[in-house]
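The structure appears below as structure tokens.
The values are calculated or read from the model by the stated rules, or taken from the named source; none is laboratory data. These figures come from a predicted structure and were not determined experimentally. Don't worry about glycine lacking a Cβ; one is built from the backbone with ideal geometry, like all the others, and counts go over all protein chains shown. Protein only, heavy atoms only, side chains kept; ligands, DNA and RNA dropped before computing areas. Shrake-Rupley method; radii C 1.70, N 1.55, O 1.52, S 1.80 Å.
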Amino acid sequence: MQTADMPLSTPESMPEQPAQSPALAAAKIEVFGFDVAEISQIRRIRAMAALGHDVHSFTMRRDNMNADFQPDWPNTHLYDTENENLPKRVMVVAKSILKMARHRARIRAADMIFARNMDMLAIAWAARALAGASQTPLVYECLDINGSLCGQGGKSRLMRAAERFLLRRTQMLVVSSPGFVRQYFEPLQGYDGPWALWENKLAAGAALPERPKARAPRRADHPIRIGWVGTIRCAPSLKLLAAVADHLGAQVEIHIHGIVHHHALAGFDETINARANMIYHGAYDYPQDLAQIYGTCDVVWAQDLWQSGNNSDWLLPNRIYEASWAGCPSIAVASTETGRRVAEDDLGWAIDAPEPDQLIALLQSLSIETIAAKGQALLARPDRDFVQSNDDIQDVITTVQEGL
């Protein structure tokens, strides 16, 4: 599953946050992050700091997002790494473990350690062992299940075995979707330890733009506008939306916002350039531009198809929370965790399969009034349905502080 890879607001633009509850002291938290410039990593660290905790991070950097971003919290850079380059990632993990020998005192002083993804969990576990700090709680935060963990080949089995080894040595698992626990960690990895849910809601502590109060129905002579917003890396979604654009012609516009992962979408530019009704708007400022972006879309394509059969079927993406907060209904696939949430929570509509004829039939069945009513109903719901609260973050930290 994944997140939008966009520039973020600076700390100066953020509102004052409530002070840490006096019941427990502020915690010294070490965060091991897979990319210092990745948006969900940034907002998680900022939320912890906003709660009054002493947060420091050890992070990698990848070159496909937010290249100019510099962290506004204490950070130690480990190494540069790359997407889809497993040999380099293995080498970087090994080198990072060696580098952590210089930081044993910092690890010993920590009250808890959070590690985001399996690579960083391995480094964090090794760093804790090198520091002689085996009693320091280690929390594994998992926002996606890498496809290499889900196969039946020898490499996948070896990686799952390594993850099981690490899971037995962590004190808590934090996931962004209950589907990860229900479909992967419990049945495949045999995990039966404590876990918590941090959904991919709008960020706690972020300076959100003013939430829209109403949505104006589109004019009858205007095309229906489908948004595809966030991390743009899903080749099946691009193919699906292009087929819809071809079939419906002037009746539809596909508006794409976000940073494109060209390593996963080699034909993106050619696809867009060949169709006047597919418009790529580029990167955007998160969260300042969300209201404007979703306000110019009638519906949003919320389904991730990049890793169908595993991660894409289990995740709950940022889009459903962002779009719902802004009053824009979502469309997803019924058999997935995303589709079930969209249908059960009345966030939009679900189609039975990610096929052009199904999406076309749905779009043609939706009246202007139906879309407007659904959007207005979303705007009538409380912010907490779509925005992560400080309490969501603090509850996990408190649980770890209290010894689980």
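Restricting the stretch 243-266 to residues that are over 15 Å from TRP306 (Cβ atoms) and of a type in the set (Gly, Ala, Ser), which is most open to solvent (accessible area, probe 1.4 Å)?
ALA250
I need a count of the residues in the stretch 333-345 that are among the small types (Gly, Ala, Ser) and in a helix (DSSP H, G or I). Let's see the steps before the verdict.
Let us first name the residues in the stretch 333-345 that are among the small types (Gly, Ala, Ser), namely 334-335, 339, 343.
Right, trim to in a helix (DSSP H, G or I) and you get 339, 343.
Matching residues across the stretch 333-345 total 2.
Can you confirm whether the stretch 241-253 contains a residue that is modelled with pLDDT under 95 and small (Gly, Ala, Ser)?
Checking the stretch 241-253: not a single residue is modelled with pLDDT under 95 and small (Gly, Ala, Ser).
To keep it simple, each residue is scored yes or no on (1) open to solvent by 10 Å² or more (accessible area, probe 1.4 Å); (2) touching a Phe, Trp or Tyr at 6+ places or on another chain (Cβ under 8 Å); (3) closer than 29 Å to THR338 by Cβ; (4) β-branched (Val, Ile, Thr).
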| residue | (1), (2), (3), (4) |
| --- | --- |
| MET120 | no, yes, yes, no |
| ALA131 | no, no, no, no |
| SER134 | yes, no, no, no |
| ASN146 | yes, no, yes, no |
| GLN152 | yes, no, yes, no |
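Any chance the stretch 261-279 includes a residue that's more than 26 Å from ALA37 (Cβ to Cβ) and in contact with a Pro (Cβ under 8 Å, 6 or more places away or on another chain)?
Yes: one or more hits.
Need the failing condition index for ASN83 against (1) over 21 Å from the mean Cα position of the chain (by Cα); (2) surrounded by fewer than 18 Cβ atoms within 10 Å (Cβ to Cβ); (3) within 22 Å of LEU143 (Cα to Cα), just the number.
(1)
Kindly check whether there is at least one residue in the stretch 370-393 that is closer than 24 Å to ASP144 by Cα, surrounded by 20 or more Cβ atoms within 10 Å (Cβ to Cβ) and touching a helix residue (DSSP H, G or I) at 6+ places or on another chain (Cβ under 7 Å). Step through it out loud before you land on a result.
Of the stretch 370-393, the ones closer than 24 Å to ASP144 by Cα are 384-393.
Those left that are additionally surrounded by 20 or more Cβ atoms within 10 Å (Cβ to Cβ): 386, 388, 393.
Among the residues that remain, those that are also touching a helix residue (DSSP H, G or I) at 6+ places or on another chain (Cβ under 7 Å) are: 386, 393.
For the stretch 370-393, residues closer than 24 Å to ASP144 by Cα, surrounded by 20 or more Cβ atoms within 10 Å (Cβ to Cβ) and touching a helix residue (DSSP H, G or I) at 6+ places or on another chain (Cβ under 7 Å): present.
What is the residue count in the stretch 273-288 for residues that are touching a residue at least 24 places away in the same chain (Cβ under 8 Å) and either more than 17 Å from VAL244 (Cβ to Cβ) or not in a loop (DSSP other than H, G, I, E, B) (or both)? Break it down stepwise before answering.
Applying the first criterion (touching a residue at least 24 places away in the same chain (Cβ under 8 Å)) to the stretch 273-288 yields 275, 277-288.
Still in the list and also either more than 17 Å from VAL244 (Cβ to Cβ) or not in a loop (DSSP other than H, G, I, E, B) (or both): 278-288.
Residues that pass the stated criteria total 11.
Give just the number: which of (1) modelled with pLDDT of 95 or more; (2) open to solvent by 60 Å² or more (accessible area, probe 1.4 Å); (3) more than 19 Å from the chain's Cα centre (by Cα); (4) not aromatic (Phe, Trp, Tyr) does GLN183 not satisfy?
Of the numbered conditions (1) modelled with pLDDT of 95 or more; (2) open to solvent by 60 Å² or more (accessible area, probe 1.4 Å); (3) more than 19 Å from the chain's Cα centre (by Cα); (4) not aromatic (Phe, Trp, Tyr), the odd one out for GLN183 is (3).
Would you list the strands (runs of 3 or more DSSP E) that sit entirely within the stretch 54-134 and hold 1 or more residues that are at pLDDT 95 or above, in contact with a Pro (Cβ under 8 Å, 6 or more places away or on another chain) and not aliphatic (A, V, I, L, M)?
54-61
Scan the stretch 270-300 for residues that are open to solvent by less than 10 Å² (accessible area, probe 1.4 Å) and farther than 25 Å from LEU347 by Cα and report the count.
0
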